[in-house]
1. I need the peptides 330-339, 178-187, 145-154 ranked by packing, meaning the mean over residues of other C-beta atoms within 10 angstrom, with the highest value on top.
2. What nm value, rounded to one decimal, do you get for the distance between residue 210 and residue 52 when each label is placed 7 Å out toward the C-beta?
3. Taking the Cα centre of each part, how many Å lie between the range 219-253 and the range 128-193?
4. Report, please, the projected area of the range 181-256 averaged over directions, based on the convex hull of its C-alpha atoms, in nm².
5. When ranked by the protection proxy of mean other Cβ atoms within 10 Å per residue, highest first, what sequence do the peptides 188-201, 111-124 form?
6. How much length is gained if the chain between residue 108 and residue 166 is pulled fully straight, taking 0.36 nm per residue apart and subtracting their Cα-Cα distance, in nm to one decimal?
């Protein structure tokens, strides 16, 4: 049965154009082609990425945080209470990404807990806010994580440009399909793919202990779609367009993570300026270049060379999944830019804000309304 599934999975008519077989993509006459077995190297590469990240955050990012005096906010711990702790672990902790802890508690829940603990309502709410804050990552962790991503995207983008700048398909997208799929793999392409696949695999492995944001599910979809695209493009020799897609994505992400780093360091004006540039670059690369150049290249130009097949549709559908995520993030970025220009922006719009255990929900709403209406220029640190 497994052999039947394997034969179907590797059926040539699924992944290759008509009159092309896997035997045509075997090394010969000085040509070297990408092989599915080479993808196994992505896992050890991901583990190496996690190790490099750990060393970077501990010996570079953390000392830099000390130099810029980036410290975690002093948090009041919740008093031990078995009843509330049991309720928090069962009903609240699995939904830890929500904005306000009180919003997870109905009035009936609060009343019931007050009876069980003999505590007043105000004290129960304060306990949950303090307990919730204990689950939130500190400012230093956010700084170290943003620093690592910024450095990776910078070096990945620079490497991508160096690997592409002298290639004809970098300037003429029709060259992407010249001689497809019999296109020899270049060493620079191999290492570029390995670097990117190792990085995104490491992000999936580290999701459980990374800063959890509102778009957690979208991030998971993005990472899986990216790895699926990279794997498929590698096996089916869509490598040329794959390297272009990676370079386009990395370009804006450098500024995103850089703006976060500067914001955590309290360089707010510089962070604001970088965020504005990031917004422009994101809209240009993800909403203009990606759909109207790259997806057009994969949707229209191949039909001039061969008839459509399953792999052609599969690849384009996965690109459209990424494009839908781009639209989603574009909305969040636009909201962030509006707050940055016309009001006071506090932190990452995708992240949970730390709650003040002295404020009631009504007081927090009043403060929020006052801040948003003050017209103070905000702080930008990403979408």
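Every read-out reported here was derived from the displayed coordinates using simple, explicitly stated rules and does not represent laboratory data. Remember, it's a predicted structure, so these values are computed and weren't measured experimentally. Quick reminder, even Gly has a Cβ in these numbers, built from the backbone with ideal geometry, and neighbours come from all protein chains shown.
1. Values: 330-339: 16.7, 178-187: 15.0, 145-154: 21.0.
Top of the packing list down: 145-154, 330-339, 178-187.
2. Result: 1.6 nm between the two label points.
3. Taking the Cα centre of each part, the range 219-253 and the range 128-193 sit 9 Å apart.
4. Values: hull surface 21.8 nm².
Reported value for the Cα convex hull: 5.4 nm².
5. On the way: 188-201: 20.1, 111-124: 14.4.
The peptides rank, most packed first, as 188-201, 111-124.
6. Values: separation 58, 0.36 × 58 = 20.88 nm, distance 6.66 nm.
Length gained between residue 108 and residue 166: 14.2 nm.
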